[in-house]
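Novice: Quick one: structure below, then a few questions.
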Amino acid sequence: MQRLIYGRRKGHRLRPGRQRLLDDVLPQLQVNLPERRMLDPTRLFAHRPERIWLEIGFGGGEHLAAQAALHRDVGLIGCEPFISGVARLLSLIQAQGLTNVRLFTDDARLLMQALPGGCLERIFVLFPDPWPKNRHHKRRIVNAATAAEFARLLQAGGEVRLATDDMGYARAMLLALRARPELQWQAKRPADWRERPPDWPITRYESKALAAGRACVYLRFRRTSGSPEKP
């Protein structure tokens, strides 16, 4: 699959301590894709977890680190191509002694393509770049193709969680996921998508959006029972 990452992978020069984390710690946690077979995500972890969660575009890593600390029996894979965010998450991993996190620092779609059907219990895509201009909509990570991958990768009863402060993108997310009959939107009342659930740690970007007076949308879809599509 062609890489579809847009923008810079590097920002400002990193502090020496975070650069050391990239040099010394990242190689131990880095996910490498096999060339001719599917990737068994449980084998990435020493404790062979029964549950695997995936976060696509973890930003500074606040949500992923918080979930990893709360659910140490779960194996979490985080995807983020921007090195400054990877370095920040590495500092959280080190500070909190997290052993259940692995990182993929390339296009998340490459990783999803390499995973077998029904291997994930949860998928998170929180405040991805909305690419608000019409000519840039093709760059959005949540679209019909990735919605199909979410449906394929989630186990029965598994959940995908999406969040955005861009109402146009929220509508596009809903259209893409509701087009999949295997995925059921969990909202029963407006508060279900207007309010962040209590087990959903806040991110830095969300805090900034709320401080700026922007409303946020929180979407939860559950995989119905039945066999996920095979790759």
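Novice: Take the residues in segment 83-108 that are assigned to a helix (DSSP H, G or I) and among the β-branched types (Val, Ile, Thr); name whichever of them is farthest from Arg18 (Cα to Cα).
Specialist: Filtering first and then ranking leaves Ile93.
Novice: Considering (1) surrounded by 12 or more Cβ atoms within 10 Å (Cβ to Cβ); (2) under 18 Å from Leu120 (Cα atoms), say which one Ala170 fails and leave the rest.
Specialist: With (1) surrounded by 12 or more Cβ atoms within 10 Å (Cβ to Cβ); (2) under 18 Å from Leu120 (Cα atoms) applied to Ala170, the lone miss is (2).
Novice: Another question, then. Cβ-Cβ under 9 Å, sequence separation 6+ or interchain: first residue in segment 36-54 and of a type in the set (Phe, Trp, Tyr), partner in a loop (DSSP other than H, G, I, E, B) and modelled with pLDDT of 95 or more. Which pairs?
Specialist: Phe45/Thr99; Phe45/Asn100; Trp53/His71; Trp53/Val74
Novice: Further, regarding this structure: When only residues in segment 173-198 that are assigned to a loop (DSSP other than H, G, I, E, B) and touching a helix residue (DSSP H, G or I) at 6+ places or on another chain (Cβ under 8 Å) count, which is surrounded by the most Cβ atoms within 10 Å (Cβ to Cβ)?
Specialist: Glu182
Residue-wise test of (1) under 23 Å from Gly61 (Cβ atoms); (2) surrounded by fewer than 17 Cβ atoms within 10 Å (Cβ to Cβ); (3) at pLDDT 95 or above.
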{"position": "Ala108", "(1), (2), (3)": "yes, no, yes"}
{"position": "Gln113", "(1), (2), (3)": "no, yes, yes"}
{"position": "Gly117", "(1), (2), (3)": "no, no, yes"}
{"position": "Arg122", "(1), (2), (3)": "yes, no, yes"}
{"position": "Val125", "(1), (2), (3)": "yes, no, yes"}
{"position": "Pro130", "(1), (2), (3)": "yes, no, no"}
{"position": "Arg135", "(1), (2), (3)": "no, yes, no"}
{"position": "Lys138", "(1), (2), (3)": "no, yes, no"}
{"position": "Thr146", "(1), (2), (3)": "yes, no, yes"}
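Novice: Additional query: From the list Ala156, Ala209, Ala172, exactly one residue is within 22 Å of Gly59 (Cα to Cα) and in contact (Cβ under 8 Å) with a residue 40 or more places away in the chain. Which is it?
Specialist: None of the others qualify; the one that does is Ala209.
Novice: Here is a list: Ser84, Ser91. Which entry is at pLDDT below 95, within 21 Å of Pro201 (Cα to Cα) and either polar (S, T, N, Q) or out of contact with any Gly (no Cβ under 7 Å at 6 or more places or on another chain) (or both)?
Specialist: After applying the criteria, what remains is Ser84.
Novice: Of the numbered conditions (1) in contact (Cβ under 8 Å) with a residue 60 or more places away in the chain; (2) in a loop (DSSP other than H, G, I, E, B); (3) farther than 15 Å from Pro41 by Cα, Phe124 fails exactly one; give the number of that condition.
Specialist: (2)
Novice: Taking interchain pairs and intrachain pairs at least six residues apart, which have beta carbon atoms under 9 angstrom, with the first residue in segment 194-206 and among the aliphatic types (A, V, I, L, M) and the second surrounded by 14 or more Cβ atoms within 10 Å (Cβ to Cβ) and in a helix (DSSP H, G or I)?
Specialist: Ile202/Glu62; Ile202/His63; Ile202/Ala66; Ile202/Leu210
Novice: Tell me which of these Asp73 doesn't satisfy, since it passes every other one: (1) in contact with a strand residue (DSSP E or B) (Cβ under 6 Å, 6 or more places away or on another chain); (2) closer than 24 Å to Arg222 by Cβ.
Specialist: All conditions are met except number (1).
Novice: Further question on the same structure: Return yes or no: is Asp73 surrounded by fewer than 18 Cβ atoms within 10 Å (Cβ to Cβ), over 21 Å from Glu50 (Cβ atoms) and among the charged types (D, E, K, R)?
Specialist: Judged against the criteria, Asp73 is not a match.
Novice: Limited to segment 163-216, what total is found for residues that are more than 17 Å from the chain's Cα centre (by Cα) and of a type in the set (Ser, Thr, Tyr)?
Specialist: Selection size over segment 163-216: 1.
Novice: Evaluate segment 140-162: report whether one residue or more is in a helix (DSSP H, G or I) and charged (D, E, K, R).
Specialist: yes
Novice: Go through (1) surrounded by 14 or more Cβ atoms within 10 Å (Cβ to Cβ); (2) in contact with a helix residue (DSSP H, G or I) (Cβ under 9 Å, 6 or more places away or on another chain) for Glu159 and report which single condition fails.
Specialist: Failed condition: (2).
The values are calculated or read from the model by the stated rules, or taken from the named source; none is laboratory data. All values derive from a computational prediction rather than experimental measurement. We place every Cβ from the backbone using ideal geometry, glycine too, and count neighbours over all the protein chains shown.
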